[in-house]
Structures are given as structure tokens and as C-alpha cells.
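What follows is a short report on a single structure.
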Amino acid sequence: QLEDILTEARLCSSKGAGITGGDPLVTLDKTINAIRMLKKEFGEKFHIHLYTSLDLVTEDVLRKLEDAGLDEIRFHPDLENDKLWHKIGFKTKMDKGVEIPAIPGKEKEILKLVDFIKDKVKFLNLNELEMSDTEANKLADMGFETKEYISYAIKGSEEMAKEILRYCEKNTKLNVHYCPVHLKDAVQMAKRLKLRAQNVARPYDKLTKDGTLMRGAIYLAELKPSFGYMRIVSELKNKDEYVAKLKKLREEIVGTYDVKEDMI
């Protein structure tokens, strides 16, 4: 639901949002409604960017996104086929950029794309190629391997990205960014998790450096967690009896150890 987006943005103290998919242009009306909702709720300074392939991009679609309040659009062009690349040149007041993975062995294709976009977009984002659990076998069959045993980053991707950065520095005026896998994991995602944890933490929660929450739990002796615990609880016939026991235990703890009510 669209309202869930607002809830998540508030919980994360978000100053902006990225819309991705799939391709958000497949459900254009829903995407536009989400953009308008976010702008209305958080104001014009709430920055929204959108990721899309070129398949569904038209000048009319760009105008509708622009009118809805989208600030930035990031294109994912097909490196193997340039037939849709001309769409990158469509005019819009939104910031335009291209975002692609740095794929080892695709230097020729990427440089061709760089030369094509260098006077058509504001920026180029290069992402270190990473292996997902669902695509691991497929990428392995293609000859890719991770650079470290505990990493999802593909071997050779960072070196490729640095080559493209050097080329762009010498041959273009593009604003080029390189995003390694560890930056996404250790900074981008970590900061979001920490902000969210701070906002949802209860008085009895302890926030860890990793952005997770720890709390203690007290159980009745006859209802200690074990295998099938949730099933056992759901099938209890005398739940009120156990709730009454828990309330009594709570009162004893508060009275005996001078614990504040909101700490339990």
C-alpha cells in the first residue's frame, strides 16, 4: 500500500527516496501517485530519483514524471544493444544520469556508452558488480567469481570501474561516481537500519553499533521458548490464565527491583 511507503520513510528519517523495481514505468500511474504523495507529505526538498530501463521511456512519460515532481531519473541502458540509446537524449528538466554495473570483460561496450552519453546526461554511476544468492550459479557459469570468500563483489569489477573513471577524467566532463559493494553494505544500508532502529526503539531496547535492537525477555517456567513455541502458544486454551500470571510477575519485578513501568 502507498501508505506503507510514508510509514517507512518516517521510521527511517528519510530525506529522499529511490524508486526501483522491476521497472517502475510498468505501473506508471502507481509510480506517479507515489511521487506526488511523497512530495505532498515531506515537501519539495524531499529528493526522489527513479531507476528505469529504456524500454518504456518516451518523451510523454518523462513529462508526466517531471510534472509529478520527480527530481532525477537514472537510466539502465542495454550494453549489448544500442537501439534504444537515443532515448537518453530526450529533453527534460529533471536531472538525468546513467547507472550501470562495471562488468569485467565489457570495457569496449561501456566506453562506447560513455562516448555516447557524455554530452547528454549529468552523471554516470558505476556500481561494483555483485553476486546475489539467486544468481550465483548463473554468474559462475559465465566465468565470474567473487574477489573474496566472504564477499559478494565480483573479481575484476573494481579494476574495470577504475579504468572507466580514468578514461572519463581524460575524455569527458561527466560527473562520475563509483560505488563499491562494501559502501552499500557498511554505509548506505547500515545508516538506514540505524536510523530506523533509533525511531522504533522502545525504552527497554538497547541499540547496537550494527543498528539492531536487543532486549531481554522473561517467561513463565511452564511456557519457556522451545521447538514449536509459537504453535504451542497459539493452541493454548487458557490464555487468560497465563496473561494473568505474567501481569502478576510484572508487578513483582517493578515492586521488587524498582523498575520503571515503561521498561517492561
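Out of the residues in region 148-161 that are within 26 Å of Lys108 (Cβ to Cβ) and open to solvent by 90 Å² or more (accessible area, probe 1.4 Å), state the one that is modelled with the highest pLDDT.
Among them, the one singled out is Glu159.
Take the residues in region 21-37 that are modelled with pLDDT of 95 or more and out of contact with any helix residue (DSSP H, G or I) (no Cβ under 7 Å at 6 or more places or on another chain); name whichever of them is surrounded by the fewest Cβ atoms within 10 Å (Cβ to Cβ).
Of region 21-37, the ones modelled with pLDDT of 95 or more are 23-37.
Still in the running and out of contact with any helix residue (DSSP H, G or I) (no Cβ under 7 Å at 6 or more places or on another chain): 23, 26-27, 29-30.
Values: Asp23: 18, Val26: 13, Thr27: 13, Asp29: 8, Lys30: 11.
It comes out as Asp29.
Do you know which residues across region 87-102 are touching a helix residue (DSSP H, G or I) at 6+ places or on another chain (Cβ under 7 Å) and part of a loop (DSSP other than H, G, I, E, B)?
Residues satisfying the conditions are Phe90, Thr92, Lys93, Met94.
Among the listed residues Lys170, Lys237, Lys191, identify the single one that is under 25 Å from the mean Cα position of the chain (by Cα) and not aliphatic (A, V, I, L, M).
Lys191
Which strands (runs of 3 or more DSSP E) sit wholly inside region 4-83 and have at least 2 residues that are among the hydroxyl-bearing types (Ser, Thr, Tyr)?
Values: elements: 16-19, 47-52, 72-75.
In region 4-83, 47-52 are the strands (runs of 3 or more DSSP E) which contain 2 or more residues that are among the hydroxyl-bearing types (Ser, Thr, Tyr).
Within region 73-83, count every residue that is surrounded by fewer than 18 Cβ atoms within 10 Å (Cβ to Cβ) and within 27 Å of the chain's Cα centre (by Cα).
Selection size over region 73-83: 4.
Check off (1) of a type in the set (A, V, I, L, M); (2) surrounded by fewer than 17 Cβ atoms within 10 Å (Cβ to Cβ); (3) over 18 Å from Glu80 (Cα atoms) for Met142 and give me the number that stays unchecked.
(3)
The values are calculated or read from the model by the stated rules, or taken from the named source; none is laboratory data. Only a predicted model underlies this, so the values are computations on that prediction, with no experimental measurement involved. Note that we place each Cβ from the backbone using ideal geometry, even for glycine, and neighbour counts take in every protein chain shown. Protein only, heavy atoms only, side chains kept; ligands, DNA and RNA dropped before computing areas. Shrake-Rupley method; radii C 1.70, N 1.55, O 1.52, S 1.80 Å.
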